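The values are calculated or read from the model by the stated rules, or taken from the named source; none is laboratory data. What you see is a predicted model; the values in this text were computed from it and never measured. Backbone-built Cβ (ideal geometry, glycine too); neighbour counts: all protein chains shown. Keep in mind that these areas ignore ligands, DNA and RNA; they rest on the heavy atoms of the full protein, side chains included. Shrake-Rupley method; radii C 1.70, N 1.55, O 1.52, S 1.80 Å.
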Amino acid sequence: MSGGKSPVPLFKDGKRHDGRGPMDLRPIEMKVGVLNNANGSAWVKFGRTEVIAAAYGPREPPKFMSLPDRALLRCRYHMAPFSTDERKNPAPSRREIELSKVIREALETVVLTHLFPRTVIDVFVEVIQADGGTRTAAITAASLALADAGIPMKDLVAGIAVGKVDGHLVLDIDQIEDNYGEADMPVAGAVNLDKVVLLQLNGSLTPEEFNKAMYMAWEGIKKVYALQKKALEEKLRKEVNL
Amino acid sequence: MSITPFNVPIVPKLKRETILSLAKRGVRIDKRRLDQFRPISIQLGAAGKAHGSALVSIGNTKVLAGVKIEPGRPFPDTPEEGVLNVNAELVPLASPEFEPGPPDENAIELARVVDRALRESHAIDMSELVLIPGEKVWVVWVDIYVLDHDGNLFDASMLAAMAALMDAKIPNHQVLEDGSVEILGPGVEPLPIRKKVVSVTLGILGDTFIVDPSLEEEAVADGKIFFAFDDSGNIVGIQKSGPAWLDFKKVSVAMEIARNRYHNVLAALNKAFQS
C-alpha cells in the first residue's frame, strides 16, 4: 500500500499476478533444527519470503531482569540488510521494533512461562529474504523454534496474511500485492485452541470483508499449522532413526 | 528487542478479582457500562505555534497533538505526494512509569498505529500537498504528546491527531523561481482532508470486552484491541496489543462492539468543529 499503480494486473479472470487463485498459498517449505548452537531453530519459506528463527533458554537472565513467578520472553524480529530490494540499514527500524513487540505478545499467550520462574526465553528471527508476509512467516518460524527447543507451549502458532487486491480478498499476499493492494491483514492463531494471537490491519475493509477475511485467514492458518506439525515430526523421525 | 515488562507495579489480587467479577456481571469499577466511553472533550488550537493542534481528554487521560507543516522533499517512490509523519512521545510528566529518553516500543507502536489508520484510510489527499512535482512537497508532522496517562492512549491519540489535522492551516507561502519556498506567515487554507478517522479500543478481560479501558482496567486486562473507522464505517486499522488472545469467533463480536461506538467519538469530533 505504498501507493502508485501496480506494474502488473493484480487480479484478472479469477487469477492473481502469479497465477494463484484467491485461496491459494505460495509454496511453503519448513525445516526444524537447522542451527547448531541454538536450543531450537527453524527455517521457513513462503514463496520468496524466507526466515530463520532460533530459540534459546530457559536460561539465566541478565542481572535485575527477571520475574519471580515466570520466565521473561525476549523477542527480536530483524531483517537482514540484503533481504530487501534496496539495502536495509541493519539498525532496528521503528517497524522492526513494533513487529518484535506484536510477535512477542502473540507468543506470550502460548508459552508456559510460569514453569520457569526467574529465567529468560529468547526467540530471534532473521528475515533472509523479504517478499511479503514476513511477520507471519516470522511467528510461524518462531513457534517452531520454541517447540524444537522443547519449551512447553499450549499450542503452536501459525500465521498468514489476507490482502485485498483490485477489490478481491486474497490469501497469503506477496510483496507486490502488499505494495499495490488495498489492505493487508496479518493474522496468527493457535488453531487447536481456536485462539487468535496476532491481528493487525493496514488498509481499508468493510465489516463484511473483514469477517470474510478472518475466515480465509483461518483456513490458511490451518494449512500452515499442518505443515508445522509435519516439519517437527520429520526432525523427530530423524533423531529416532539415528 | 522486545522484552516482557518486568518492572511494572504489581496489581493486588483482590483488585484484579473485583474488576473481573464486575465485568462478568456487566458493570465496571467506575460504574460505566461495558461499552461506554468516559467523557470526551476536545480543545482546538491548544498549542499556539503549531499549525494545528488539539488537546483531547478521555476521562483523566490527556493527549496533546500538534501539527507542523513544512516544505520538504517527497519520497522517491511517491514524487507527486506530500509526506505524513506521525510521532508519539510518552513524556515523563504523564505517568510515574514513563522514563525520559527516545521513544520505547510502546510509543513507537502508538505512533505507528495512528499513522497507519490515517495513511491507509487516505484521510488526507496527499497528492494535493505538492509544491513542485518531484522536488518540493508539504511535509505534515503530527506529534502526539501524552500529558496524563489514565488508560486508552490509542483512542485519545487517534482523536487528538485527527482533530489537530482538521484544525491545521497550511502556512501562507510563495514558491520562488529558484525552487525554494518562502513562508510568509500563518495561513488560512486547511489541509485536504477527505475522511475523518476515529478509533474505538476494547480492553480484553478474558471473554469480556470493555470499551475505553481506564489505566486500572488496562493493568488487569490481558490486552486490548484497537479498531479505527472512517466516517463511512469502513474498518481502516486494527491492532491487537498486549499478551492477550481472542477466541476466533469473538473477533467479529469485538469488531461489532467497536463499530457500535465509533459514532460517539465522531460526534465529539464534529461537535468540536461546530463551535
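Name the residue that is nearest to the other protein chains (Cβ to nearest Cβ), counting only residues in region A:179-217 that are aromatic (Phe, Trp, Tyr) and without any contact (Cβ under 8 Å) to a residue 40 or more places away in the chain.
My answer is A:Phe210.
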### Query
So B:Gly233 clears everything in (1) within 14 Å of chain A (Cβ to nearest Cβ); (2) open to solvent by 10 Å² or more (accessible area, probe 1.4 Å); (3) of a type outside the set (Val, Ile, Thr) except one condition, right? Which one?
(2)
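In the list B:Ala111, B:Ala88, which residue meets the criterion of being at pLDDT 95 or above, in contact with a strand residue (DSSP E or B) (Cβ under 9 Å, 6 or more places away or on another chain), open to solvent by less than 50 Å² (accessible area, probe 1.4 Å) and more than 8 Å from chain A (Cβ to nearest Cβ)? Explain how you work it out, then say what you get.
Values: B:Ala111 fails: more than 8 Å from chain A (Cβ to nearest Cβ).
Criteria check complete, one pass: B:Ala88.
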### Query
Looking at region B:131-145, is at least one residue modelled with pLDDT of 95 or more, of a type in the set (A, V, I, L, M, F, W, C) and in a loop (DSSP other than H, G, I, E, B)?
no
#### Entry: Selection count where residues are surrounded by fewer than 23 Cβ atoms within 10 Å (Cβ to Cβ) and away from every other protein chain (no Cβ under 14 Å), scope region A:43-58
6
## Note on the structure
Only unsatisfied item for B:His122, checking (1) farther than 17 Å from B:Ser199 by Cβ; (2) part of a loop (DSSP other than H, G, I, E, B), is (1)
### Query
Does region B:205-219 include one or more residues that are in contact (Cβ under 8 Å) with a residue 40 or more places away in the chain and among the aromatic types (Phe, Trp, Tyr)?
yes
### Query
Just checking, which of B:Thr208, B:Thr201 is surrounded by fewer than 23 Cβ atoms within 10 Å (Cβ to Cβ) and closer than 29 Å to B:Asn60 by Cβ?
B:Thr208
### Task
Restricting attention to region A:179-192, report how many residues are open to solvent by 30 Å² or more (accessible area, probe 1.4 Å), modelled with pLDDT of 95 or more and in contact with a strand residue (DSSP E or B) (Cβ under 9 Å, 6 or more places away or on another chain).
1
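Let's see how each residue does on (1) buried (at least 20 other Cβ atoms within 10 Å of the Cβ); (2) modelled with pLDDT of 95 or more; (3) under 19 Å from A:Val32 (Cα atoms):
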position: A:Leu99; (1), (2), (3): yes, yes, no
position: A:Leu115; (1), (2), (3): no, yes, no
position: A:Asp131; (1), (2), (3): yes, yes, no
position: A:Ala138; (1), (2), (3): yes, yes, yes
position: A:Ala158; (1), (2), (3): yes, yes, yes
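Which residue, of B:Asp178, B:Asp155, B:Asp167, is modelled with pLDDT of 95 or more and open to solvent by 30 Å² or more (accessible area, probe 1.4 Å)?
B:Asp167 is the lone residue from the list that is modelled with pLDDT of 95 or more and open to solvent by 30 Å² or more (accessible area, probe 1.4 Å).
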### Message
Only one of A:Leu67, A:Leu73 is within 14 Å of chain B (Cβ to nearest Cβ) and outside any loop (DSSP other than H, G, I, E, B). Can you tell me which?
### Response
A:Leu73
### Message
Need pairs with beta-carbon distance below 9 Å; first residue touching a residue at least 24 places away in the same chain (Cβ under 8 Å) and within region A:158-178, second of a type in the set (Phe, Trp, Tyr) and crowded, with 24+ Cβ neighbours inside 10 Å; sequence gap 6+ or separate chains.
### Response
A:Ile160/A:Phe46; A:Asp172/A:Phe46; A:Asp174/A:Phe46
### Message
Yes or no: region A:89-111 includes at least one residue that is under 27 Å from A:Ala217 (Cα atoms), among the β-branched types (Val, Ile, Thr) and in a strand (DSSP E or B).
### Response
yes
### Query
Which of the residues that make up region B:1-54 are open to solvent by 60 Å² or more (accessible area, probe 1.4 Å), of a type in the set (Asp, Glu) and in a loop (DSSP other than H, G, I, E, B)?
B:Asp30
